[in-house]
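Asker: This structure is in structure tokens; I'll ask about it shortly.
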Amino acid sequence: MRTQVCIIGGGPSGLLLSQLLHLKGIDTVILERKSRDYVLSRIRAGVLEWGSVEMLREAGVGDRMDREGFVHAGTYMSALNKGFRIDFEKLTGKKVMVYGQTEVTRDLYDARDRMDGVIIDEADGVTPHGLDTDAPYVTYVKDGTEHRIDCDFVAGCDGFHGVSRKSIPASVLREYESVYPFGWLGILSETPPVSDELIYANHERGFALCSMRNANLSRYYVQAPVDDPIEKWTDEAFWDELKRRIPEDAADRIVTGPSIEKSLAPLRSFVAEPMRWGRLFLVGDAAHIVPPTGAKGLNLAVSDVHYLYHGLVQHYQDKDDSGIDTYSQKALARVWKSERFSWSMTKMLHRFPDQSAFDQRMQEAELAYLESSTAAQTALAENYIGLPF
Ligand code: APR
Ligand code: PHB
């Protein structure tokens, strides 16, 4: 088989890139290791920057998002059990869309299927070859038979644990990482959200977040030791801890119920450079990871896709390689700014194991300053709604 762009990974990065390139008549094949059901069972974050909203609409997959998503003009922050609101719209003229990543992925799969996109699920042993030549190709095994796809370019959209980043020689690859000494314990519950907008809570017992998926599906998180056995966190234990950490008025009105999903995820900041080597481009989680505090994971994948998509269209339509030649530099410039924002939000809102009473006071003072300062709120808002592509 031959294609123009072979995409390794059928998550949001790979699907969105494939969909956008298809609309420009550029052929792709997606090789996904897992089954469709497995990919669609993943519960991930749910905040879309407005740039991501516009990219999904451009890809022709924005209808259900526009119908079912929640447009939020601001968010609540809290410390010492007292909340305050940051008004994104007033401060930046922009808003965000709350719409689950699982739904974004589902919408992208539906669009790829409608347009007869070539997606090979349960592809084993996916291996890129000849990335430093003019004739790269990718091999994989499906139902016990080895296959080969010759292509012009390979898009490594295969996430943090994928094969693409590892295909860049160690002498070329530079990796930067910070692993946080805690995790996020998250639940989904079929209950009405406690607030019309998100609540990010700093508390001396640890961070908490109140989010949602729809009018009767809430998403809540509490910071927890990353090695806690999930069995320790009964629903009752979760709700009790969440109520301790969020503002009192929210704790008093929250509707609790059985969890329909419960998981504990580690937090890390990670960046791999460069995001291009020869005919290979790294996209999304294959190149970078952020702690979910700033809701940047999916949105960074979208901005990577934006830069690569436009670069590949320029290559094929205008025989101009300036876009793909500057992909890594452009993508990384935005990645590092989002890494900084996600890191700073995580430092401000979480309790670190070695944190002193003074450190807690510094966090509380930072939040008090944020509450009092239009300049500080504008700085947070412009990062949260998304820096320009
Ligand atoms: N071969 C084929 N597919 C692979 C391989 C491999 N060797 N390794 C991983 N994959 C697949 C995974 O099964 C997954 O479906 O690549 C896909 C990568 O998807 P994501 O991990 O979701 O990464 P990405 O598409 O970049 O999306 C980033 O999704 O995971 C969240 O927090 C992340 O919000 C961010 C967004
Ligand atoms: C979510 O709704 O899952 C969510 C929202 C905001 C975040 C992280 C996760 O910062």
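Every number in this text was worked out from the coordinates using simple rules, so none of it is lab data. Fair warning: this is a prediction, and the values are worked out from it, not measured in the lab. Reconstructed Cβ throughout: ideal geometry from the backbone, glycine too, with neighbour counts over all protein chains shown.
Asker: Report the charge-dipole magnitude of the chain in Debye, nearest 20, computed about the Cα centre from +1 at each Lys and Arg Cβ and -1 at each Asp and Glu Cβ.
Answerer: 420
Asker: With a 4.7 Å Cβ cut-off, tell me which Cys residues in the chain come up empty for a partner.
Answerer: CYS157, CYS210
Asker: Order of CYS210, CYS6 from fewest to most other C-beta atoms within 10 Å?
Answerer: Working: CYS210 24, CYS6 29.
Sorted ascending by nearby Cβ count, the order is CYS210, CYS6.
Asker: Treating the beta-carbon of each Lys and Arg as +1 and of each Asp and Glu as -1, no other charges, what is the dipole magnitude of the range 267-389 about its Cα centre, to the nearest 20 debye?
Answerer: 140
Asker: About its Cα centre, how strong a charge dipole does the range 1-76 have in debye, to the nearest 20, once Lys and Arg get +1 and Asp and Glu get -1 at the Cβ?
Answerer: Its charge dipole is roughly 320 debye.
Asker: May I pose another question? Considering only ALA331, ALA208, ALA265, give the residue with the highest GNM mean-square fluctuation for the chain, with springs between Cα atoms whenever their separation is below 10 Å.
Answerer: Ranking ALA331, ALA208, ALA265 by mean-square fluctuation puts ALA265 first.
Asker: Hey, if you put +1 on the Cβ of every Lys and Arg and -1 on every Asp and Glu Cβ in the range 282-389, which of LEU367, SER342, ALA295 ends up farthest toward the positive end of that dipole?
Answerer: Toward the positive end, the furthest listed residue is LEU367.
Asker: Turning to a different aspect of this structure: Please give the net charge around ARG219, taking every other residue with its beta carbon less than 12 angstrom from that of ARG219, where Lys and Arg add +1 and Asp and Glu add -1.
Answerer: Every neighbour counted, the sum reads +1.
Asker: Based on alpha-carbon centroids, what's the gap between the range 111-153 and the range 14-76 in Å, whole number please?
Answerer: The two parts, judged by their Cα centres, are 21 Å apart.
Asker: Here's a follow-up. Sort VAL126, VAL283 by Cβ crowding within 10 Å, fewest neighbours at the top.
Answerer: Neighbour counts put them in this order, fewest first: VAL126, VAL283.
Asker: Also, I was wondering about something else. How big is the antiparallel share of DSSP beta bridges in the chain, given as a percent to the nearest 5?
Answerer: Of those bridges, close to 75 percent are antiparallel.
Asker: Inverting the mean 1/r over all pairs of different Cα atoms, compute the Kirkwood radius of the chain and quote it in Å. Mind dumping the intermediate values first?
Answerer: Working: mean 1/r = 0.0461 Å⁻¹.
When all Cα pairs of the chain are included, the Kirkwood radius is 21.7 Å.
Asker: A further question follows. Just need log10 I(q)/I(0) for the range 13-90 at q = 0.17 Å⁻¹, Debye formula, equal scatterers on the alpha-carbon atoms, no solvent, rounded to two decimals.
Answerer: -0.89
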